[in-house]
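Enquirer: Got a structure for you, questions after.
The values are calculated or read from the model by the stated rules, or taken from the named source; none is laboratory data. This structure is a prediction, so every number in the text was calculated from the model and none was measured. Here the Cβ positions follow ideal geometry from the backbone for every residue, glycine too, while neighbour counts run over all protein chains shown. Ligands, DNA and RNA are excluded from the accessible area calculation, which covers all protein heavy atoms including side chains. Shrake-Rupley method; radii C 1.70, N 1.55, O 1.52, S 1.80 Å.
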Amino acid sequence: MRKNSSIKRLRKDWILYLMLLPGLLYFVIFHIIPILNMKLAFQDYRIIGENVWVGMKHFEQLFSSPAFKDVLMNTVIISTMKIIFIFPIPILVSLLVNELRFGPFRKYVQSVSYLPHFLSWVVIAGIWITLLDPVNGGVNVIRNFFQLPTLDYMTSKEHIRWVLVYSEMWRSAGWDSILYLAAILKINPSLYEAARIDGASTFQQMRYITIPALMSTVVTLFILNLGFFMSAGFDQVFNLMNDSVLSVIDILDTYVYRIGILNGQYSYATAASLFKGVIGLVLILGTHFLSKRLTGKGVW
Amino acid sequence: MGQFGMTRAIIQFILFLFTLAVLIPLLNILAISLSDPARVNELSGLGVLPKGFSLINYEIIMSNPFILKSIFNSVFITIVGTLLNLFLTAITAYVLARTEFVGKRIVLVVLIAIMVFEPSMITEYLLMKDLHLLNSYAAVIFYKAINVYYLFILMRFFQEVPNSILEAARIDGAGHFRIFTKIMLPLSKPALATLALFYGVYHWNEYFRATIYLSDPNKWPLQVVLRQFVVTQDNTTLLKGVEGMTPELLATLDFGSLQSATIVVAVIPMLLLYPLILRYFTKGTMDGGVKE
């Protein structure tokens with residue numbers, strides 16, 4: 001009975017299904033097939049003829065490889081540094097911007113601070129390589145002013161991870177504050193009025209009204225960030241990398257690119273991607289359900 | 001009130017410093033690109049005004065057929081890619097927004113799965129190889145023909161169109177395709193414009209797929225060329241085929257200045273669109289944030 005009516009509807013709305021066809025084809029060809037083809041991780045790639053199933057061979061090779069361990073460590077370290085040092089900045093920016101009245105200065109601060117978000121990492125890398133230049137870069141001009149020795153950040157293993165942290169901060173601090181600002185705008189203004197009548201200072205208002213009201217947004221975004229932990233920023237690392245610092249900033253994605261695309265070890269590289277994908281999936285699903293439990297809101 | 005004024009002044013000062021930290025590196029690049037190559041060394045890394053004024057860097061870039069070709073390639077990829085994005089996203093969103101569409105649940109679940117699990121760049125690369133799309137613009141354009149997140153945004157937008165309008169059109173004998181082209185698309189111009197900006201920015205900034213899929217340098221977009229001599233410091237392509245490039249002229253050039261000028265060229269379209277971007281993106285993101 002139900003089947004019959006479905007068929008009837010299909011016949012009546014056939015144009016609708018025809019309209020879905022291009023999109024469906026796109027998703028099948030460019031998403032579903034590449035995902036299914038990740039079975040390559042359990043096979044040996046052959047240029048001619050069928051690939052041969054080899055079971056867990058590439059995973060065993062992966063987990064016994066010191067290079068892979070280093071890459072995994074770099075990914076974890078860089079992601080952790082970014083979460084600790086970058087995550088609070090947009091919150092701080094939104095709190096400060098919120099204290100400006102809606103006026104030309106507020107508009108100026110927002111327009112300027114959103115801008116870097118729309119530049120490609122190639123452009124940002126170019127700007128930052130110039131900024132950190134040992135001869136005349138802006139940062140070294142400041143260092144020299146304070147009588148500090150010149151530093152070549154881009155080739156320094158000790159400093160390059162901080163370059164990743166700061167350049168990411170430079171790019172996203174302003175833009176990421178938008179969501180917090182939106183949440184602040186939702187707060188009932190009468191709360192502030194009441195507080196002001198009671199003589200609360202700007203800081204007290206921030207501490208007792210704005211920050212508590214922001215907490216649920218903070219938790220949601222923090223959890224979301226955790227979900228992308230395994231992607232430590234491919235575009236950024238890819239463009240700021242050079243041979244002298246490769247060993248400390250090589251992350252999973254850049255590793256897959258090097259051994260896969262550049263060296264042609266397709267199966268081995270796919271095994272590394274699959275590992276990353278599965279951990280990422282667990283993190284995203286885990287954080288989704290955790291977020292639903294804690295805040296009632298999920299990732300989707 | 002005095003105490004509040006003080007706090008506010010401190011906050012304004014901090015934010016002013018913050019915007020300087022964002023702006024100075026950008027303006028410094030612009031100043032380097034506009035400086036006289038012979039005097040660019042005098043320009044401090046914090047300087048925002050060019051030392052001596054010269055357009056020589058831009059003249060060289062604009063007389064380099066290779067760079068001009070790459071700008072053309074970028075424009076082509078951005079326009080064709082964005083149009084394809086809009087068409088595919090809109091037509092798919094239309095179907096997903098229709099209540100009479102059977103199988104919506106399955107499609108939505110698959111789309112969410114696609115959103116959270118990305119394929120490996122290796123299998124994607126092998127797919128392009130199998131489809132014989134390597135070294136063709138199609139690989140770069142098709143790779144992200146529909147962004148699932150934007151698809152959902154547009155779907156929601158379509159769902160808000162009052163059903164009575166659509167019913168009236170159906171009674172007048174309009175089919176789905178007519179309703180889509182004559183009613184839905186005109187009604188959703190603002191949403192489509194916003195998505196066009198999103199997709200356009202994405203295409204203009206994309207370099208990685210082009211790096212791995214396009215082996216013929218004549219097909220490279222500007223971002224790949226830029227990467228070539230800014231990140232990998234390969235200057236050979238920069239001076240190839242420039243007419244009237246004599247050793248004397250070459251000696252007067254400064255590679256850092258040329259690189260800066262290319263960075264500026266790569267950013268210009270972004271800056272031209274920036275007022276629109278600010279208006280639409282900020283509003284969209286704000287609204288999205290409030291709804292969450």
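Enquirer: Might you tell me the accessible area per residue for region A:93-203, computed with a 1.4 Å probe and given in Å²? Mind showing how you got there, number by number?
Expert: On the way: 5030 Å² over 111 residues.
Ligands and nucleic acids excluded, the result is 45 Å² per residue.
Enquirer: Accessible area per residue of region B:114-173 at 1.4 Å probe, in Å²?
Expert: Working: 2940 Å² over 60 residues.
That works out to 49 Å² per residue.
Enquirer: Alpha carbon centre of region A:39-115 versus region A:181-219: separation in Å?
Expert: Their Cα centres are 33 Å away from one another.
Enquirer: What ³J(HN,Hα) values, in whole Hz, does the Karplus curve 6.51 cos²θ - 1.76 cosθ + 1.60 give for region A:226-243 when θ = phi - 60°, with x put for Gly and Pro?
Expert: 4, x, 9, 4, 6, 9, 7, x, 4, 4, 5, 5, 4, 8, 9, 7, 8, 4
Enquirer: For chain B, take every pair of Cα atoms, bin their distances at 5 Å starting from 0, and report each bin as a whole percent.
Expert: Result returned by the calculation: 1, 5, 9, 11, 12, 12, 12, 10, 9, 7, 5, 4, 2, 1, 0, 0.
Enquirer: Give the lysines whose C-alpha is closer than 22 Å to that of A:LYS39, dropping any in the same chain fewer than 8 places away, or say none.
Expert: By straight Cα distance, A:LYS39 reaches A:LYS57, A:LYS276, B:LYS129.
Enquirer: Using θ = phi - 60° and the Karplus curve 6.51 cos²θ - 1.76 cosθ + 1.60, what whole-Hz ³J(HN,Hα) does each residue of region A:101-113 get, with Gly and Pro shown as x?
Expert: 5, 5, x, x, 5, 4, 4, 4, 4, 5, 4, 5, 6
Enquirer: Could I ask something else about it? Just to be sure I understand: if you take the accessible area of chain A alone plus chain B alone and subtract the pair, with a 1.4 Å probe, what total do you get in Å², rounded to 100?
Expert: Adding both sides of the contact gives about 8200 Å².
Enquirer: Which of B:GLN259, A:GLN205, B:ILE106 sits closest to the plus end of the dipole of the protein assembly as shown, meaning its Cα is farthest towards the positive end, when Lys and Arg get +1 and Asp and Glu get -1 on the C-beta?
Expert: Farthest towards the positive end: B:ILE106.
Enquirer: Next question, about the same structure. Could you compute how much accessible surface A:TRP162 exposes when probed at 1.4 Å, giving the result in Å² to the nearest 10?
Expert: Taking all protein chains as shown, A:TRP162 has close to 90 Å².
Enquirer: Under a 5 Å amide H to amide H cut-off, with H placed in plane at 1.01 Å, what residues pair with A:GLN43 once short-range neighbours are removed?
Expert: Distant-sequence amide H within range of A:GLN43: A:VAL54.
Enquirer: In Å², what does the accessible area per residue of region B:1-73 work out to with a 1.4 Å probe? Walk me through the numbers on the way to the answer.
Expert: On the way: 3740 Å² over 73 residues.
Each residue of region B:1-73 exposes 51 Å² on average to a 1.4 Å probe.
Enquirer: While we're looking at this one, here's another question. Under unit Cβ charges (Lys, Arg +1; Asp, Glu -1), what dipole magnitude, rounded to 20 debye, does the protein assembly as shown have relative to its Cα centre?
Expert: Details: 47 positive and 35 negative charges, 489 e Å.
The dipole of the protein assembly as shown has a size of about 2340 debye.
Enquirer: Per residue of region B:85-93, what does 6.51 cos²θ - 1.76 cosθ + 1.60 with θ = phi - 60° give for ³J(HN,Hα)? Whole Hz please, x for Gly and Pro, Karplus curve as stated.
Expert: Working through the residues one at a time gives 3, 5, 4, 5, 5, 5, 5, 6, 4 Hz.
Enquirer: Could I have the simple spin-label model distance between A:LEU18 and A:LYS57, label points 7 Å from Cα toward Cβ, reported in nm to one decimal?
Expert: 5.0 nm
Enquirer: If amide hydrogens are placed 1.01 Å from N in the peptide plane, which non-local residues have theirs closer than 5 Å to the one on B:TRP220?
Expert: Those lying under 5 Å, H to H, from B:TRP220: there are none.
Enquirer: Right, something else. Out of the total accessible area of the protein assembly as shown (probe 1.4 Å, heavy atoms of protein only), what percent is carbon and sulfur?
Expert: Values: 19050 of 28570 Å².
About 67 percent, which is the carbon plus sulfur part of the accessible surface.
Enquirer: Which order do you get for A:LYS12, B:LYS69, B:LYS104 if you rank them by accessible area with a 1.4 Å probe, largest at the top? Mind showing how you got there, number by number?
Expert: Values: A:LYS12 145, B:LYS69 80, B:LYS104 50 Å².
These residues rank, largest area first, as A:LYS12, B:LYS69, B:LYS104.
Enquirer: Going by accessible area, probe 1.4 Å, with all protein chains left in place, what is the ranking of A:HIS288, A:HIS159, B:HIS132, largest first? List each step's numbers first, then the result.
Expert: Numbers: A:HIS288 5, A:HIS159 50, B:HIS132 155 Å².
Ranked from most to least accessible, the order is B:HIS132, A:HIS159, A:HIS288.
Enquirer: Here's a follow-up. At a Förster distance of 25 Å, what's the computed FRET efficiency of A:LYS69 paired with A:VAL219, Cβ-Cβ distance as r, to 0.05? Before the final figure, lay out each step's value.
Expert: Details: r = 32 Å, r/R0 = 1.29.
FRET efficiency, A:LYS69 to A:VAL219: 0.20.
Enquirer: Relative to the Cα centre, what is the charge dipole magnitude of region B:79-193, using +1 at the beta carbon of each Lys and Arg, -1 at the beta carbon of each Asp and Glu, and rounding to the nearest 20 debye? It would help to have the intermediate numbers written out before the result.
Expert: On the way: 10 positive and 7 negative charges, 36 e Å.
Once rounded to the nearest 20, the dipole reads 180 debye.
Enquirer: First obtain the Kirkwood hydrodynamic radius of chain A from its Cα pairs, then insert it into the Stokes-Einstein equation at 37 °C and 0.692 mPa s, and state the resulting D in µm² per second as a whole number. Numbers along the way, then the final one.
Expert: On the way: Rh = 23.4 Å.
Roughly 140 µm²/s, to the nearest whole number.
Enquirer: Mind pulling the angle between the C-alpha long axis of helix B:189-205 and the longest principal axis of chain B? Nearest 10 degrees, somewhere in 0 to 90.
Expert: 40 degrees
Enquirer: Efficiency by 1/(1 + (r/R0)^6): what FRET value for A:LYS107 and B:LYS189, r their Cβ-Cβ distance, R0 = 25 Å, to the nearest 0.05? Numbers along the way, then the final one.
Expert: Values: r = 26 Å, r/R0 = 1.03.
That gives a FRET efficiency of 0.45.
Enquirer: What's the average, rounded to a whole number, of partner chain beta-carbon atoms within 10 Å of each residue's beta-carbon in B:13-24?
Expert: On the way: counts 0, 3, 12, 4, 0, 10, 9, 1, 7, 10, 4, 2.
The shielding value for this peptide is 5.
Enquirer: Under 29 Å from the Cα of A:LYS8, which lysines turn up, not counting those fewer than eight places away in the same chain?
Expert: The reachable lysines, counting only those whose Cα sits under 29 Å from A:LYS8, are B:LYS104, B:LYS182.
Enquirer: For labels at A:LEU290 and B:HIS132 in the simple 7 Å Cα→Cβ model, what's the distance in nm?
Expert: Here the modelled spin labels are 4.9 nm apart.
Enquirer: Also, quick follow-up: With each pseudo-label sitting 7 Å past Cα toward Cβ, what's the A:ALA194-B:ALA113 distance in nm, one decimal?
Expert: Once both label points are built, they end up 5.0 nm from each other.
Enquirer: Once you charge only the Cβ atoms, +1 for Lys and Arg and -1 for Asp and Glu, what is the size of the charge dipole of chain A about its Cα centre, to the nearest 20 debye?
Expert: Values: 26 positive and 17 negative charges, 316 e Å.
So the dipole magnitude of chain A works out to roughly 1520 debye.
Enquirer: Here's something else I'd like to know. For chain B, what does -39500 (n - 2.57) per DSSP helix run (n ≥ 4), summed and divided by total residues, give at 222 nm, in deg cm²/dmol to the nearest 500? Write down the numbers at each step before the final one.
Expert: Numbers: 15 runs with 206 residues, N = 292.
Value at 222 nm, helices only, nearest 500: -22500 deg cm²/dmol.
Enquirer: Placing +1 on the Cβ of each Lys and Arg and -1 on the Cβ of each Asp and Glu in region A:170-300, which of A:TRP175, A:HIS288, A:THR270 has its Cα farthest towards the positive end of the resulting dipole?
Expert: Of A:TRP175, A:HIS288, A:THR270, it is A:HIS288.
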